[in-house]
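Below is one structure; the comments refer to it alone.
The values are calculated or read from the model by the stated rules, or taken from the named source; none is laboratory data. The structure displayed is predicted, hence computed values, not measured ones. Don't worry about glycine lacking a Cβ; one is built from the backbone with ideal geometry, like all the others, and counts go over all protein chains shown.
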Amino acid sequence: MHDLQQSVSRRYRHCLSLWHWCQAAVGTTLAPRPAAAKHRQKAGRLLILGAMTVALREVFQQLYDHYGPQHWWPGESALEIMVGAVLTQNTNWKNVERAIENLREAGLLEFDALRSIRVEELAELIRPAGYYRQKARRLHNLLEMIHHRYGGSLGEMFATDPQLLRRRLLEVNGIGPETADSILLYAGNLPSFVVDAYTARVFKRHGWIEPEADYHTIQQFCQSSLPCDAALFNEFHALLVRVGKEHCGTRPKCEGCPLANLLPEGGPLGEDRQEAGEA
Ligand code: SF4
């Protein structure tokens with residue numbers, strides 16, 4: 001009985017501290033804090049950067065304070081978001097928008113209609129997104145899986161255990177981890193952290209993760225360092241893409257970057273250190 005009481009007490013303290021941590025990390029509405037520098041707290045998992053220590057939530061907060069909410073992912077329905085997640089592979093969003101507009105005009109942003117169309121016709125409609133034959137086949141594979149496993153119901157699909165659903169998405173030919181996690185997070189509102197090239201680049205250049213860390217390692221790192229919260233994962237990923245596009249491209253532009261104060265001594269790490277870090 002004593003052991004049980006101790007166990008319950010431990011769990012209660014853990015939940016309570018997690019709750020306080022969540023409040024400190026994201027607030028209830030993800031509202032920006034007015035003066036971030038004055039509100040730094042040292043709760044949460046810490047990233048050890050040699051002499052520098054920073055909480056991952058601090059990274060989020062600095063980005064959020066600088067850019068504000070990103071309102072991701074654009075799309076009027078879960079199906080449209082899912083289609084966008086497949087079409088955005090290896091192209092920019094403007095091209096995806098044109099492809100989705102074609103589908104909308106053809107009345108195909110509805111599950112049964114989209115599944116019924118021939119793959120060749122689908123390919124022509126999504127041609128603006130590039131790699132259109134390959135993407136049409138991938139979309140078709142995905143729709144077939146949803147039809148066979150969930151009777152075409154996205155609601156039923158997203159009510160599945162997220163880990164099981166993730167495995168099933170990854171089994172679809174042409175669906176990789178980034179697309180699967182984008183579908184889970186943005187179409188299904190399920191807390192699965194999306195790691196893209198920008199995320200990996202920012203984390204590695206700051207030394208927050210090993211240079212050879214792969215998708216799975218970075219995702220595990222983020223998910224174990226942050227509260228399990230789809231809204232937080234959604235906003236964080238969108239903010240990382242924003243800072244990646246504006247500052248952290250192939251060659252980092254650290255001047256004026258909202259994460260510049262978190263750089264290791266000597267500038268960004270990695271292959272660009274010589275040219276960028278010492279510029
Ligand atoms: S400070 Fe430099 S390395 Fe860090 S995110 Fe910005 S551009 Fe990239």
Among residues of segment 222-263 being under 18 Å from ASP196 (Cα atoms) and without any contact (Cβ under 8 Å) to a residue 40 or more places away in the chain, the residue nearest to the ligand (Cβ to nearest atom) is HIS247
| Residue in segment 199-221 that is more than 15 Å from the ligand (Cβ to nearest atom), under 22 Å from ILE81 (Cβ atoms) and under 12 Å from the mean Cα position of the chain (by Cα) present | yes
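State whether the residues of segment 105-121 include one that is within 23 Å of the chain's Cα centre (by Cα), in the same structural domain as GLU178 (by TED's automatic domain parsing) and surrounded by 15 or more Cβ atoms within 10 Å (Cβ to Cβ). Even if it seems obvious, please write down each step before you answer.
Pass one, segment 105-121, residues within 23 Å of the chain's Cα centre (by Cα): none.
No, every residue in segment 105-121 fails to be within 23 Å of the chain's Cα centre (by Cα), in the same structural domain as GLU178 (by TED's automatic domain parsing) and surrounded by 15 or more Cβ atoms within 10 Å (Cβ to Cβ).
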Selection from segment 69-89 of residues hydroxyl-bearing (Ser, Thr, Tyr) and buried (at least 17 other Cβ atoms within 10 Å of the Cβ) yields THR88
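Does GLY270 fit the bill of being surrounded by fewer than 17 Cβ atoms within 10 Å (Cβ to Cβ) and either modelled with pLDDT under 95 or away from the ligand (no atom under 15 Å from the Cβ) (or both)? Can you show your working first?
Values: surrounded by fewer than 17 Cβ atoms within 10 Å (Cβ to Cβ): yes; either modelled with pLDDT under 95 or away from the ligand (no atom under 15 Å from the Cβ) (or both): yes.
Considered against the rule, which asks whether it is surrounded by fewer than 17 Cβ atoms within 10 Å (Cβ to Cβ) and either modelled with pLDDT under 95 or away from the ligand (no atom under 15 Å from the Cβ) (or both), GLY270 comes out as yes.
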If you go through segment 172-194 one residue at a time, do you hit one that is within 16 Å of the ligand (Cβ to nearest atom) and without any contact (Cβ under 8 Å) to a residue 40 or more places away in the chain? no
For the structure I just gave you, tell me whether LEU114 is under 30 Å from THR199 (Cα atoms) and assigned to a helix (DSSP H, G or I).
no
Scanning segment 68-92 residue by residue, the ones that are of a type in the set (Ser, Thr, Tyr) and either touching a residue at least 60 places away in the same chain (Cβ under 8 Å) or closer than 19 Å to GLY174 by Cβ (or both) total 2
- Might you let me know whether segment 227-243 holds any residue that is farther than 24 Å from LEU79 by Cα and in contact with a Lys or Arg (Cβ under 7 Å, 6 or more places away or on another chain)? no
Going by what's in this entry, would THR199 be described as touching a helix residue (DSSP H, G or I) at 6+ places or on another chain (Cβ under 8 Å), assigned to a helix (DSSP H, G or I) and either farther than 22 Å from GLN70 by Cα or of a type in the set (Ser, Thr, Tyr) (or both)? yes
If we keep only residues of segment 185-243 that are in contact with a Cys (Cβ under 7 Å, 6 or more places away or on another chain) and within 14 Å of LEU63 (Cβ to Cβ), then the residue surrounded by the fewest Cβ atoms within 10 Å (Cβ to Cβ) is TYR198
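Within segment 198-227, which residues are of a type in the set (Ser, Thr, Tyr) and at pLDDT 95 or above?
Matches in segment 198-227: TYR198, THR199, TYR215, THR217.
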